[in-house]
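Below you'll find the structure, written out as structure tokens, and then a few comments.
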Amino acid sequence: MARSTGFGATLPVSGRRVLVVGAGADALGQVVALRDAGAAVTVVAPEAVQSIADLAERGVLQWHSRAYEAADVAGLEAELVVAATGERDLDARVAADAAAVGRWCVVPEVQARKAEATGGSVVLVGGGPGDPGLITVAGMEAVRAADVVVTDRLAPLGVLKDLDVEVIDVGKIPRGRFTPQEEINRILVEQAQAGRRVVRLKGGDNFVFGRGGEEVEACTAAGIPVEVVPGVTSAIAGPALAGIPVTHRGLSQGFTVLSGHVPPGDPRSTLDWAALARSGTDLVLLMAVATLPAITEALIAEGLDPTTPAATVADAALPTQRVVRGDVSSIAARVDEAGIGAPAITVIGLVAGFDPRG
Ligand code: SAH
């Protein structure tokens, strides 16, 4: 029997500085799992996949966009180093540099190779709002069985840590870099045609503003077997995580989930805001940070009581979750003052003022 040369342990990284060398697909699961565990993450790598670049842009982690140098293991003052460059030799060099200055270094091992796929397929998996605990059991099984996972920034990327899967990051960032949907459809079809088990992993549910329907159409048109594993949508989970029930006996008999990506009056908008103002349902707004002032103004102009409670939940299910409360007349200004950016959900309706103590 081979003698074990290691000792497995879960490290309490919360609040600790951790250096990750590498920002490619191999580092993605590691970086997000560290972030989920509350570590202060610094990344060194010349290039980063979109989801890591996005976390850096949002100030969730620090990214030094340059090649790794031996001095980094001590110079960046990390208590722990994770070598995840995707290149064995470089990972080994990082580990040796760390050992030389007495720093712990983890070189993540990937799980044993799985059996060869027998035919290509695509599974659309709804990953939930971001906490790896909120993906479904079926969703997680599909991810584990996959050869390739096509993902983007709102998916619970921490679940990819240590899995033997190729990760293709096609993240879409509001008003930023993005991969057009046609290109994503093409990637799904091509990967499956190459005989691989493909998972399309998205945040929330793929059929709630997730373009899942188009992906099913593209796969079906190409004769690729496609399956759907529903997910926990942020439209319901986001408010719930802030203690807001989207329905509550005596407060609301329904809720309406809306995209606010274009403001009222915009020629691309198909929503009847006057009818929504009178609907008597809670309004749950997605993709509505920049448009919140215009939307709340229109609702009030169409007769919604300006004192109707409202709440915005940003980064729901993530360690950076924040909640801002107010009413429909004040919420936009409060969100702006708090410096809230996407992803965020705004709930308008009596439930937004729900207080379990009565
Ligand atoms: N398919 C997703 C929604 C995609 S649209 C789902 O079912 O949840 C993207 C919008 O979803 C974001 O602009 C934001 O409004 C919302 N969203 C997704 N994840 C979120 C999160 N963790 N916290 C807050 N809002 C989120």
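The values are calculated or read from the model by the stated rules, or taken from the named source; none is laboratory data. These numbers were taken from a predicted model, which means no experiment stands behind them. Cβ sites come from the backbone with ideal geometry, for glycine too, and all protein chains shown count toward neighbours.
Restricting to segment 234-275, name every residue that is under 23 Å from ALA155 (Cα atoms) and either in a helix (DSSP H, G or I) or outside the structural domain of ARG325 (by TED's automatic domain parsing) (or both).
SER234, ALA235, ILE236, ALA237, GLY238, PRO239, ALA240, LEU241
Working only within segment 75-110, note down all residues that are more than 18 Å from GLY24 (Cα to Cα) and over 30 Å from the mean Cα position of the chain (by Cα).
GLY75, ALA96, ASP97, ALA98, ALA99, ALA100, VAL101, GLY102, ARG103, listed by residue number.
Which condition number in (1) within 15 Å of the ligand (Cβ to nearest atom); (2) surrounded by 22 or more Cβ atoms within 10 Å (Cβ to Cβ) is the one that GLY349 fails?
Evaluating GLY349 over (1) within 15 Å of the ligand (Cβ to nearest atom); (2) surrounded by 22 or more Cβ atoms within 10 Å (Cβ to Cβ) leaves (1) as the failure.
Applying the selection to segment 69-79, what residues are touching a residue at least 40 places away in the same chain (Cβ under 8 Å), of a type outside the set (Val, Ile, Thr) and in contact with a helix residue (DSSP H, G or I) (Cβ under 9 Å, 6 or more places away or on another chain)?
If we filter segment 69-79 for residues that are touching a residue at least 40 places away in the same chain (Cβ under 8 Å), which is where we start, we get 72-73, 76-79.
Next cut, of a type outside the set (Val, Ile, Thr) only: 72, 76-79.
Of everything in segment 69-79, those that are touching a residue at least 40 places away in the same chain (Cβ under 8 Å), of a type outside the set (Val, Ile, Thr) and in contact with a helix residue (DSSP H, G or I) (Cβ under 9 Å, 6 or more places away or on another chain) turn out to be ASP72, ALA78.
Scan segment 215-227 and give yes if some residue there is touching a residue at least 40 places away in the same chain (Cβ under 8 Å), touching a Gly at 6+ places or on another chain (Cβ under 8 Å), more than 27 Å from ALA290 (Cα to Cα) and not assigned by TED's automatic domain parsing to the domain that holds VAL159, otherwise no.
If we filter segment 215-227 for residues that are touching a residue at least 40 places away in the same chain (Cβ under 8 Å), which is where we start, we get 215-216, 219, 224-227.
The next check asks that each one be touching a Gly at 6+ places or on another chain (Cβ under 8 Å); those that pass are 224-225.
After this cut, where a residue has to be more than 27 Å from ALA290 (Cα to Cα) as well, the list is 224-225.
Cutting the leftovers down to not assigned by TED's automatic domain parsing to the domain that holds VAL159 gives us none.
No; the residues of segment 215-227 include none that is touching a residue at least 40 places away in the same chain (Cβ under 8 Å), touching a Gly at 6+ places or on another chain (Cβ under 8 Å), more than 27 Å from ALA290 (Cα to Cα) and not assigned by TED's automatic domain parsing to the domain that holds VAL159.
If you take just the helices (runs of 4 or more DSSP H) that sit entirely in segment 26-124, which of them hold at least 3 residues that are under 25 Å from GLN191 (Cα atoms)? Break it down into steps so the answer makes sense when it comes.
Values: elements: 50-57, 72-75, 88-100.
Counting at least 3 such residues, we get 50-57.
Name the single residue that is nearest to the ligand (Cβ to nearest atom) among those in segment 320-332 being more than 29 Å from LEU61 (Cβ to Cβ) and surrounded by fewer than 22 Cβ atoms within 10 Å (Cβ to Cβ).
Ranking the candidates gives GLY326 first.
Residues in segment 112-127: is at least one more than 30 Å from GLU214 (Cβ to Cβ) and either of a type in the set (Ser, Thr, Tyr) or in contact with a helix residue (DSSP H, G or I) (Cβ under 8 Å, 6 or more places away or on another chain) (or both)? Give the steps one after another, and end with the answer.
As a first pass, look at segment 112-127 and keep what is more than 30 Å from GLU214 (Cβ to Cβ): 112-113, 115.
Subset that is either of a type in the set (Ser, Thr, Tyr) or in contact with a helix residue (DSSP H, G or I) (Cβ under 8 Å, 6 or more places away or on another chain) (or both): none.
No, the conditions are met nowhere in segment 112-127.
From the list THR42, THR85, pick out the single residue that is among the hydroxyl-bearing types (Ser, Thr, Tyr) and closer than 26 Å to GLY339 by Cβ.
Numbers: THR85 fails: closer than 26 Å to GLY339 by Cβ.
Selected residue: THR42, the only one of THR42, THR85 that is among the hydroxyl-bearing types (Ser, Thr, Tyr) and closer than 26 Å to GLY339 by Cβ.
Check VAL262, VAL246 and return the single one that is hydrophobic (A, V, I, L, M, F, W, C) and either in contact with a Pro (Cβ under 7 Å, 6 or more places away or on another chain) or modelled with pLDDT under 95 (or both).
Values: VAL262 fails: either in contact with a Pro (Cβ under 7 Å, 6 or more places away or on another chain) or modelled with pLDDT under 95 (or both).
VAL246 is the lone residue from the list that is hydrophobic (A, V, I, L, M, F, W, C) and either in contact with a Pro (Cβ under 7 Å, 6 or more places away or on another chain) or modelled with pLDDT under 95 (or both).
Just to be sure before I move on: is VAL328 touching a Pro at 6+ places or on another chain (Cβ under 7 Å) and closer than 20 Å to LEU251 by Cβ in the structure I sent?
Numbers: touching a Pro at 6+ places or on another chain (Cβ under 7 Å): yes; closer than 20 Å to LEU251 by Cβ: yes.
Yes; evaluated as a whole, the condition is true for this residue.
So which pairs qualify, if the first residue must be in segment 276-300 and assigned by TED's automatic domain parsing to the domain that holds PRO343 and in a helix (DSSP H, G or I), the second must be surrounded by fewer than 17 Cβ atoms within 10 Å (Cβ to Cβ) and not polar (S, T, N, Q), the Cβ gap must be under 7 Å, and the two must be at least 6 apart or on different chains?
Matching pairs, first to second residue: ALA277/GLU302; ALA277/GLY303; ILE300/PRO306.
Which residue, of ALA242, ALA192, is small (Gly, Ala, Ser) and more than 12 Å from the ligand (Cβ to nearest atom)?
After applying the criteria, what remains is ALA192.
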